[in-house]
Every structure is written in C-alpha cells, then in structure tokens.
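Written out below as structure tokens is the structure these notes cover.
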Amino acid sequence: MKPAEFQYLADLLKRNSGIVIGQDKMYLVESRLGPLAIENGCRDLDDLVGRLRLQPKGPIADRVIEAMTTNETFFFRDKTPFTEFESHVLPELIKARADTKRLRIWCAAASSGQEPYSLAMILKENAAKLPGWRIEIVGTDLSKEILEKAKAGIYSQFEVQRGLPVNLLVKYFRQQGELWHIDPAIKSMVRLQPYNLLEPYTGLGQFDVVFCRNVLIYFDRPTKKSILERMAHLMPSDGRLFLGAAETVVGLTPVFQAVTGKRGLYEVSAGGDATLKRTGTFGT
C-alpha cells in the first residue's frame, strides 16, 4: 500500500472516529480492509482508497471505519471495575439518590453488549435494594453492525465462558443449540444506540456513572481531553467515571480526579464545573 494512500486512510479514520493509527499498524489495515476491498470489486487497497477519495462519505467509508474499529470485549472484563461498582459506587448512589430513586449509566463503548449487560445483571442481583427505582443503562458505540449483535443478545459458548460466572449464566441465559440467549428482562434494562464520541453530547442527558473503558487509548491527547471534559459536563458533582487499567486523566484535564485506592475509578473534581466554564468546554 502506497504511503500516501495509507495516510489518507489514517486521516479519514481520525477525522470520523478519532482513532489514531500509525505506519506500524499497516498489517492491521491490510488484514481488516483487504476483504472489504475484494468485496467491493477493488483490485487492492490503493484502489479502495481511490474510491474513498471520490466519495469520502457514504456506505464504503462507513464500512471502512467499522472494520477498523476494535470491538474486543467480554462479560465482566477485568472484574475489578464491576466489583468496585457493586461494592463501592452503587451503595453510595443508593444513599445519595434515596429521594429521586433514579440512576443512569452510560457505557460509552458498548461493543457487542457484554459490558452493559454485565452491569444490568449486577443491578438485577441487587434488586432488593432498589425497589421502585428507575434505572437506565445506555450503551453506545460507533459501529452499527456490532450494536445489532448487542441488541440480539445472543452469544456463543466461547463468549459466555469469558468472564461470566456460571451462576449468572444459568440464571440469566437460555441455551438454544450452541448459542446462549440473554434473558429479555436483562435486555430490557439496556438501551443501545449508535453514537460517535466526537459528536456533540447534546440530547444524552445526565449520567451518574460513565464507563469509558479501553477507549481513550485509541485517541490523541487533544481528543482524550475533549471527550473527558464533555463527559464531566454530563455528570453531577458526585458522578463516577470508570476508565481502563491502562488509561488515566493525569496530565489531560483537572475535571476528574482519581478515587483514592480505587484503580481506574474517577470522580468529578471539586471546581470541575468552573474549569469547564473557564475553558469554554460545555456539552458540545
């Protein structure tokens, strides 16, 4: 693949998804876009890029972006964030929201649904502590294709064996042949919709908890900062943010601060709203 064509693809991907790729990811581009090029009758990847240059927006461009999006996930991934949510964050919010009895959670990279469904199962297991509560889990992802899988709620034996405790598998899934179907009651707790984290965050509403795990690693520094500050604007003063183990807010923005002793868990900083006002960063 010619350097100029690779750079065009890299620019297209960053412009439309925020994801940054370098020349060291050439193998990834070839493995993921090679089949797409063949499917669209292109001679090679350079020919595919030629078509994108003629039509930078449209079905082919959308397929290219989806193909380059990483959708690695599994139930209760890394375990600790879910343990912290159940043992630390949820009890605090139950106490703080005793009057309103309302809780909203955003999974900002829902992928094929394992993360939001894991949270739904935790909340279902704690239902006795939440009588009369209105709970909404919103799962978003850039890829419409992967969200369709999430909406179906059907998983292979391999997928349910990755991180999902046996007792929850038996309780909340039904086996049909070699596939496992998640309980409709769990599915109904999650609202899934396509969303690009580069777009304005208007219309999403406020969230008490945001899971944005293993997402920021794909963005450059200015994009990370922008995403974090816009997320902070959607959260109350006692809101909680979960990031991946390899991610941090340190050196990016002061609107979040680490929760002492809780790796990967952040809270809205005191004075965070003032910081947003000074920098001119709002829900845009």
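The values are calculated or read from the model by the stated rules, or taken from the named source; none is laboratory data. What you see is a predicted model, and the numbers here were worked out from it, not measured in a lab. Cβ atoms come from the backbone with ideal geometry, glycine included; neighbour counts cover every protein chain shown. For the accessible areas, the whole protein counts, side chains as well, though only heavy atoms, and no ligand, DNA or RNA atoms are used. Shrake-Rupley method; radii C 1.70, N 1.55, O 1.52, S 1.80 Å.
With N counted as the residues of segment 89-201, its alpha-carbon radius of gyration over 2.2 N^0.38 Å works out to 1.12.
State which entries of 124/149; 149/225; 129/262; 101/187; 124/224 exceed 25 angstrom in Cα-Cα distance in the structure shown. Listed pairs above 25 Å: 149/225; 124/224. Dipole orientation for the chain: of the candidates 76, 29, 132, 132 has the Cα lying most toward the positive pole (charges on Cβ; Lys, Arg +1; Asp, Glu -1). Taking amide H positions as modeled 1.01 Å from N, with prolines and chain starts lacking one, the residues under 5 Å from residue 139 and 5 or more places away or on another chain are 107, 191, 192, 193. Dividing the summed helix terms, -39500 (n - 2.57) for each DSSP H run of n ≥ 4, by the number of residues in the chain produces a 222 nm estimate of -12000 deg cm²/dmol to the nearest 500. When +1 charges are put on Lys and Arg Cβ atoms and -1 charges on Asp and Glu Cβ atoms, the dipole computed for segment 35-122 relative to its Cα centre reaches about 420 debye.
Segment 101-122 and segment 212-241 have Cα centres lying 17 Å from one another. Take each peptide in 176-184, 32-40, count the other Cβ atoms within 10 Å of every residue, and average; sorted highest first, the result is 32-40, 176-184. When both bridge partners sit in the chain, DSSP labels roughly 40% of those beta bridges antiparallel. Solvent exposure of segment 1-139 amounts to 48 Å² per residue of accessible area, where only protein heavy atoms count and the probe is 1.4 Å.
Modelled spin labels at residue 100 and residue 72, positioned 7 Å past Cα toward Cβ, are 3.6 nm from each other. When each of the peptides 103-111, 44-52 is scored by how many other beta carbons lie within 10 Å of its residues on average, the order from highest to lowest is 103-111, 44-52. What part of the accessible area of the chain, given as a whole %, is carbon or sulfur when the probe is 1.4 angstrom? Carbon and sulfur atoms account for 54 percent of the accessible area of the chain.
Of all the Cα-Cα pairs you can form in the chain, what percent are over 24 Å apart? Value for the chain (Cα pairs over 24 Å): 55 percent.
Restricting the calculation to Cα atoms, every distinct pair contributes to the Kirkwood radius of segment 130-284, found to be 17.5 Å. Between residue 39 and residue 20, full extension at 0.36 nm per residue minus the direct alpha carbon distance yields a gain of 4.3 nm. Working note: Karplus 6.51/-1.76/1.60 with θ = phi - 60° gives segment 42-52 the couplings 8, 5, 7, 5, 4, 5, 4, 5, x, 5, 5 Hz, where Gly and Pro are set to x.
Amide H contacts of residue 102 (H built 1.01 Å from N, in plane; Pro and chain starts excluded): 134 sit under 5 Å, all sequence-distant by 5 or more or on other chains.
Need one number: nm distance between label points at residue 54 and residue 257, each 7 Å from Cα along Cα→Cβ, rounded to one decimal. For residue 54 paired with residue 257, the spin-label model returns 5.7 nm.
Estimate the FRET efficiency between residue 11 and residue 145 by the formula 1/(1 + (r/R0)^6), using the beta-carbon distance for r and 22 Å for R0, to the nearest 0.05. Could the numbers behind the result be given before it?
On the way: r = 23 Å, r/R0 = 1.04.
With R0 = 22 Å, the Cβ-Cβ based efficiency is 0.45.
3J(HN,Hα) along segment 154-160: 10, 10, 7, 4, 4, 5, 7 Hz, from the Karplus curve 6.51 cos²θ - 1.76 cosθ + 1.60 with θ = phi - 60°, whole Hz, x for Gly and Pro.
For segment 186-198, putting each phi into the Karplus relation 6.51 cos²θ - 1.76 cosθ + 1.60 with θ = phi - 60° gives couplings of 6, 4, 5, 7, 10, 9, 10, 8, x, 7, 9, 5, 7 Hz, in residue order, rounded to whole numbers and with x for Gly and Pro. Under a 5 Å amide H cut-off, with hydrogens placed 1.01 Å from N, residue 215 pairs with 244 among residues at least 5 apart or on other chains.
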